[in-house]
Amino acid sequence: MKSPLSLWLAVALMMFPQIVETIYSPALTHIASAFKVNPEQASQTLSLYFFAFALGVVFWGRMCDVLGRRPTILAGLCLYGVASVITLFISQFYLLLILRMLSAFGAAVGSIGTQTIMRDSYQGHELAKVFSIMGIALAISPALGMLTGTVLVNLGDYQAVFGGLAAIAAVLLLWSCYKLPETRLVSVTKIAFMAFLLRMIRDKQIIRNVILISFLNINLFSYYQLAPFIFERLGFTQQQFGLTGILLAIGVGLGSLINRQLLAKKHTSEQLVKLSSLISLLCGCLVFALIDSIWFLAPVIGVVISYGIAIPNILANALNSYSHAKGTAGAILGLFYYTGLALGLMIAGWSQHLGLVLAISGLILILTSRKYQIQTNY
């Protein structure tokens, strides 16, 4: 008999990619100084991270169906830990980029592997509730990451950050070895990957899901990418920047709670995605107007509230029509939206203008959500 999935472990694995990325954010200005690069170059470590993350999602998602969920997750955690340890001993910026990409490739297993296990273990409305719980957990993770990153930077500069990242991977690896069950069905349908990829590319609703997920994440991660340099320009410290993670956590958590309340009142996921897109556009325009003042933080909270409302609904329903191959479908979906996220963050890094990024992103969300519909099982 299979052991049940530990929700606590699933939460920790799901939080892992976001925590380890936001831990890194307070170190960006230190990395720019230590490696003698400008803010635009330092910011690109984040966009390259997500390009590698997208490839990792495909690889690990496929391995979830081929090898099983448990060995795949263990392998990804091992890779992340090893890459983080090696980063402690390098001094060239190009090596940092390579190792960050290897880390991202490993970290991707926390996203695709955990989502696949949850889709194995829960269905329908119960799955939407679990994803909503995950939304609250993901709300906490930026605060944990940014505060932990700030403490580590103060203790030992950016090297302490990479040591902390390796330690987190080691703890999760040991926990998963002990408690993570195998949830893959014995009779997994064999899928021709390229044919499946082409089928999903032709699925208009999948493409809408990809656009929505990509730009909601661009809203969130462009803050972590660009705000450290905004705070520096406005005369604030990186310790003060780290504390804003608490505000963002409250915002995403509030969005997740609003989502749960509105779902309980029988509002549809389509309605909630449209609502969140409107909030995102309005608040993005306000950030643009207030970007030269610390008050830009107020509408940023509105932007992350919209993230907390929309993401659980989209992720819970994105693959309803692909239930016969959850791992592969999830991998391809992840490839699409993490590539979109990486491209968006690359452009954001070049622009170095958070308000412009959020305003354009909000407009794209509004236009895309107009035709958003939930797919049905077949």
TODO: Output the helices (runs of 4 or more DSSP H) that fall wholly within the range 258-367 and possess 2 or more residues being surrounded by fewer than 24 Cβ atoms within 10 Å (Cβ to Cβ) and at pLDDT 95 or above, or say none.
DONE: 269-290, 297-317
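Those residues that are assigned to a helix (DSSP H, G or I) and surrounded by fewer than 19 Cβ atoms within 10 Å (Cβ to Cβ), I need them from the range 75-89; list them, please.
Filtering the range 75-89 for residues assigned to a helix (DSSP H, G or I) gives 75-87.
Selection gives Ala75, Cys78, Val82, Val85, Ile86.
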Task: Pairs with Cβ under 8 Å, 6+ apart, first in the range 125-150 and modelled with pLDDT of 80 or more, second of a type in the set (D, E, K, R) and part of a helix (DSSP H, G or I) - done: Gly145/Glu21
Task: Tabulated pairs, the range 205-228, first under 18 Å from Ala249 (Cβ atoms), second assigned to a helix (DSSP H, G or I) and acidic (Asp, Glu), C-beta under 9 angstrom, 6+ apart or interchain - done: Phe221/Glu21; Tyr224/Glu21
Task: the range 90-120: number of residues that are β-branched (Val, Ile, Thr), at pLDDT 90 or above and buried (at least 22 other Cβ atoms within 10 Å of the Cβ) - done: 1
TODO: From (1) at pLDDT below 95; (2) assigned to a helix (DSSP H, G or I), pick out the condition that doesn't hold for Phe215.
DONE: (1)
Task: Residue in the range 156-163 that is buried (at least 17 other Cβ atoms within 10 Å of the Cβ), farther than 25 Å from Leu7 by Cα and among the β-branched types (Val, Ile, Thr) present - done: yes
- [ ] Please specify each residue of the range 1-51 satisfying the condition of being of a type in the set (Phe, Trp, Tyr) and within 24 Å of Gly76 (Cβ to Cβ).
- [x] Trp8, Phe16, Tyr24, Tyr49, Phe50, Phe51
- [ ] Working carefully through the options Arg70, Arg62, find the one that is over 19 Å from Tyr224 (Cα atoms), surrounded by fewer than 24 Cβ atoms within 10 Å (Cβ to Cβ), of a type in the set (Lys, Arg) and at pLDDT 90 or above.
- [x] Arg70
- [ ] Return the only residue of Ile305, Ile311, Ile291 being over 22 Å from the mean Cα position of the chain (by Cα) and of a type outside the set (D, E, K, R).
- [x] Ile291
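Taking the options Glu232, Glu182, name whichever one is part of a helix (DSSP H, G or I), charged (D, E, K, R) and either touching a residue at least 40 places away in the same chain (Cβ under 8 Å) or surrounded by fewer than 22 Cβ atoms within 10 Å (Cβ to Cβ) (or both). I'd like the intermediate steps shown before the answer.
Working: Glu182 fails: part of a helix (DSSP H, G or I).
Among Glu232, Glu182, only Glu232 is part of a helix (DSSP H, G or I), charged (D, E, K, R) and either touching a residue at least 40 places away in the same chain (Cβ under 8 Å) or surrounded by fewer than 22 Cβ atoms within 10 Å (Cβ to Cβ) (or both).
The values are calculated or read from the model by the stated rules, or taken from the named source; none is laboratory data. Since this is a predicted model, take the numbers as computed values, not measurements. Cβ sites come from the backbone with ideal geometry, for glycine too, and all protein chains shown count toward neighbours.
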